Every structure is written in structure tokens, then in C-alpha cells.
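Here the structure is laid out as C-alpha cells; the discussion comes afterwards.
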Amino acid sequence: MVDQGRQWRPEQFGLRALELADELVAIRRRLHEHPELSFQEAETAAFVAERLEGLGWRVRMGVGGGHGVIAELEGRSGGRLIALRADMDALPIQEETGLSFSSARPGVMHACGHDAHTAMLLGAAQLLAEAHAEQALHGTVRLLFQCAEEVGLGAQVLIDHGALDGVDEIYGLHNLPTLPAGRVGVRPGPMMGSSDLIAIDIEGKGGHGAVPDQCVDPIVAGTAVVSALQTIASREVSPFEPVVVTIGSFHAGSVGNIVPGSAELQGTVRTFSPAVRGRLPARLQLLVADVAAAHRCKGTLRYMERTPVLINDEACTAAFADLASAILGTEQVVRGEATMIGEDFARYLELVPGCFFWLGSGPEQGAEQAYGLHHPKLQINESCLPIGASLLASVAFERVCKEV
């Protein structure tokens with residue numbers, strides 16, 4: 001039963017969330033057992049919508065013709081609008097944890113913890129509904145249950161269908177299994193790198209491996225291109241501006257005694273600077289074309305922008321850090337690690353101020369040795385679930401009540 005005398009301050013959100021811990025664990029395990037890939041999250045979305053409606057939230061399903069869910073809890077008119085986001089999709093990975101609630105779907109696993117994120121935001125939805133019933137919100141809270149984060153497309157789908165309309169600030173999190181549960185990593189400014197895709201086609205002239213002089217070898221040209229691409233970081237960009245160019249796929253040929261006619265390469269380009277990101281496509285295209293030409297081949301590059309640099313707003317980050325300290329203690333709030341991993345929450349932050357933070361989900365001892373994100377043996381310390389729920393709920397409650 002809800003304590004009708006409760007004053008909803010950050011500490012109280014934390015205490016109430018602990019009372020919901022068993023329920024949040026059950027939700028997370030149900031989602032973990034039934035993972036769904038990007039743009040296929042139909043069952044997850046239906047489950048989320050049913051729970052939200054039961055809590056009194058106004059729910060919109062099928063956002064963008066996919067499986068996004070947007071829900072709102074309206075308080076006093078004329079107030080601020082704060083958004084919270086969780087992602088719902090899983091990965092094409094065969095689970096190897098051996099858990100009793102392991103994925104029931106072969107080749108699909110919640111190996112990034114989006115099951116936990118969804119459970120946390122559902123917990124925050126319950127906390128906010130209870131707080132609103134006792135201490136009416138001064139404005140509106142909007143929940144974004146996002147599809148297709150793993151392919152970097154879901155955030156834009158939601159944005160295109162009004163997810164940020166009228167939003168003043170937005171907050172979200174990602175679990176981090178190499179950070180002990182109970183800790184939070186907070187970082188103002190750039191925190192996660194941009195992540196763009198590149199596809200390179202090398203056209204040569206195939207023939208017999210015994211007469212390479214009568215051929216134009218795209219493999220030799222392709223390997224030269226791979227090496228040359230590394231000069232982007234070492235010679236084309238300031239050493240104070242991190243850039244990573246990775247070629248993760250190189251396909252050419254079928255047997256050892258034939259020079260193929262073409263080669264196909266795929267990779268990613270990542271940086272922390274929007275300005276540097278803007279200069280890279282033209283430079284990469286020129287390098288690919290010229291290096292291939294030096295080997296008598298034709299080289300073309302397709303540069304596909306996906307996820308921008310994730311840049312946290314200074315004021316929103318400071319406000320969140322204060323709330324997290326009130327709930328967890330100052331010593332548990334640490335400076336968040338920067339990473340080149342992409343996260344499409346960055347698209348929201350391009351349009352409205354907000355904060356994205358790391359939530360520790362690892363063991364209390366030896367977290368640095370834990371299996372990381374996207375690993376088939378990833379396990380989440382479920383004690384992080386009520387922590388995440390309370391942090392999301394409290395920041396929404398406090399910021400929606402903030403005097404403008």
C-alpha cells in the first residue's frame with residue numbers, strides 16, 4: 001500500500017523502488033526469456049502498453065508503423081514536459097549464460113540489457129503514477145519505449161512521429177556490466193562517439209592466379225586501402241580529436257588460384273567531434289579512390305550516417321548528478337567513461353537538452369572482469385533494477401517541477 005503521507009523526494013523514490021524489486025526482476029526475466037530483434041518488438045510493446053495502461057498512463061502504440069510505444073502522464077497544464085527513454089530490442093546472438101530464464105528463441109538474446117532498461121522504465125512509470133496520485137505533477141512526463149536501437153534507427157523513427165514535440169528535457173540510461181551495481185557514471189559533454197557505416201567497392205580485372213600481370217588484383221588494392229584508412233587518425237585529424245576507422249568485413253574471391261574481379265569491404269567510422277565527422281566522408285572517398293587507382297583499380301565508397309556524437313547538456317547532467325547523489329550517496333556517483341560505442345539517444349540530444357548516464361550492472365566485486373555488452377554470456381546484477389527505476393522517476397519528477 002502506498003504511504004499517503006509520503007513526500008516524494010529523491011530518497012523516497014529510492015526507498016519505494018526497493019519495495020518493487022521483486023516485481024522488476026520478474027518483469028526483466030520475462031522480457032529476457034522472450035527477446036525480439038529490431039523492428040520486431042511486437043510482444044514486448046504489447047506487454048509494455050498493457051502495464052502502462054493499468055497504471056493510468058495514456059498510451060500510443062505502433063509509433064512510426066513499428067513497435068515504438070509512447071506514454072504520457074499529465075499533471076498541471078502549462079508546466080514542463082520531461083521525457084524518459086528505454087530501448088526494447090535484442091541482438092542476433094545465441095545465449096550462453098545457462099540461466100533458468102535464458103532466451104527461449106534460438107539465436108536471439110538480450111545481450112545488451114535492453115530487457116533491464118525496459119523493466120526499469122516500467123518501474124519508473126509505477127513510481128511516477130504513485131507520486132502523481134499523492135502529489136500532482138506540475139507538468140507532464142512522457143515515456144519513450146524505443147524500438148530498433150541496435151540498428152541505430154529507432155530514435156529517428158520516434159522523432160519523426162512526434163516523440164519530442166513539446167519536450168523540454170530528456171533522460172536515459174545504459175547499463176554497464178563492468179561498473180558495479182550501485183554506482184552511476186555521469187559525464188557532461190561528449191560521452192559516446194558518432195557511429196557511421198562505410199561500404200567500399202574495389203573493381204579490378206579477374207583472371208588466373210598464375211598470370212597476375214594479366215589481371216588487376218582488387219585484393220591487393222583492398223589491403224592497401226585498409227592500411228591507408230588508418231592514416232585518417234594518424235595524419236588527417238588532430239591527435240586531440242579521437243577517430244576510429246574500422247574495417248570489419250572484407251569479401252573477395254572464391255578459390256586460391258583465381259584473382260577475383262572485385263572486392264567488397266565494410267566498416268565503421270567513429271569520432272567525438274561533430275566538426276571532424278563532417279569532414280570525414282569527402283576525405284575517405286578521395287583516399288579510397290586514389291589508393292585504388294594507384295593499383296589500377298576503381299574504388300568507390302558509400303558513407304552512411306547513422307548515429308551522431310552523444311553530447312550531454314551541462315546543466316541537465318549537473319542536476320541529474322545531484323539527484324543521483326541524494327539517492328545513492330556522493331561516493332557512488334563517478335565520472336562516466338567516454339566510449340566510441342554509438343547510441344542513438346544522441347539523436348534526441350541533438351534536438352533537446354538532457355542527460356544519458358551509465359548505470360552499474362556488474363558484480364560488487366570484480367566488475368572489471370565481467371562479460372561486457374553484446375557478449376553471449378552477459379549477466380546483469382539485478383540489484384540495479386530498482387536503482388535505475390528510482391533514478392529515472394526522480395529526475396523526471398524533479399525536473400518537471402522545476403521553476404522555469
Exercise. Taking only Cα atoms, what is the 0 to 90° angle, nearest 10, from helix 114-134's long axis to the longest principal axis of the chain?
Worked result: 30
Exercise. For helix 218-229, what angle does its Cα long axis make with the longest principal axis of the chain, in degrees from 0 to 90 and rounded to 10?
Worked result: 50
Seminar exercise, completed: Mean separation of Cα contacts under 8 Å (at least 6 apart) over the residue count of the stretch 195-307, i.e. the relative contact order in percent, is 43
Exercise. How many nm is it between the label spots at residue 22 and residue 60, if each spot is 7 Å from the Cα in line with the beta carbon?
Worked result: 3.8
Exercise. Bin by bin, in steps of 10 Å, what percent of the Cα pairs in the stretch 121-227 do you find, going until the bin that has the longest distance?
Worked result: 9, 22, 25, 14, 11, 10, 6, 2, 0
Exercise. When DSSP beta bridges are limited to those with both residues in the chain, what percentage is antiparallel, rounded to the nearest 5?
Worked result: 65
For this session: Report the paramagnetic label zone for residue 368: residues of the stretch 153-182 whose backbone N is under 16 Å from a point 7 Å from Cα along the Cα-to-Cβ axis.
Result: 177-181
Exercise. So how much slack lies between residue 15 and residue 53, counting 0.36 nm per residue of separation and subtracting their Cα-Cα distance, in nm?
Worked result: 11.3 nm
Problem set entry | Ascending count of other beta-carbon atoms within 10 Å, so fewest first, for 121, 328 | 328, 121
Exercise. Which FRET efficiency value, to the nearest 0.05, is calculated for residue 233 and residue 264 with the Förster distance at 30 angstrom and r the Cβ-Cβ distance?
Worked result: 0.85
For this session: Post the alpha-carbon centroid distance, the stretch 175-202 to the stretch 303-357, in whole angstrom.
Result: 10
Exercise. Among 36, 50, 11, which comes first, then next, by fewest other beta-carbon atoms within 10 Å?
Worked result: 50, 11, 36
Exercise. Cα-based Rg (one decimal) and Dmax (whole number) for the stretch 195-307, in Å?
Worked result: 15.0, 48
Exercise. Between residue 298 and residue 94, what length in nm is gained on full extension when 0.36 nm per residue of separation is reduced by their alpha carbon distance?
Worked result: 69.6 nm
Problem set entry | Helix-only CD estimate at 222 nm, as mean residue ellipticity for the chain, using -39500 (n - 2.57) per DSSP H run (n ≥ 4) | -11000 deg cm²/dmol
Exercise. Can you give the angle from 0 to 90° between the axis of helix 314-328 and the longest principal axis of the chain, with both taken from C-alpha atoms, to the nearest 10?
Worked result: 60
Problem set entry | Relative contact order (percent, whole number), the chain, Cα cutoff 8 Å, 6+ residue spacing | 26
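Normalise the Cα radius of gyration of the chain by 2.2 N^0.38 Å (N = residues in it) and let me know the number.
In units of the globular-protein estimate, the chain measures up at 1.10.
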Problem set entry | Spread of Cα-to-Cα distances over 5 Å intervals beginning at zero, given as percent, for the stretch 278-404 | 2, 8, 13, 15, 15, 13, 9, 7, 7, 5, 4, 2, 1, 0
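Just want to confirm a number: the relative contact order over the stretch 91-220, from Cα pairs under 8 angstrom separated by 6+ residues, in percent.
Dividing the mean separation by the residue count of the stretch 91-220 yields 13 percent.
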Seminar exercise, completed: By Cβ neighbour count within 10 Å, fewest first, 171, 303 rank 303, 171
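All of the numbers you see were taken from the coordinates with simple rules; none came from a lab. From a predicted model like this one, the values you see are computed outputs, not experimental measurements. Glycine gets a Cβ as well: all are built from the backbone with ideal geometry, and neighbour counts include every protein chain shown.
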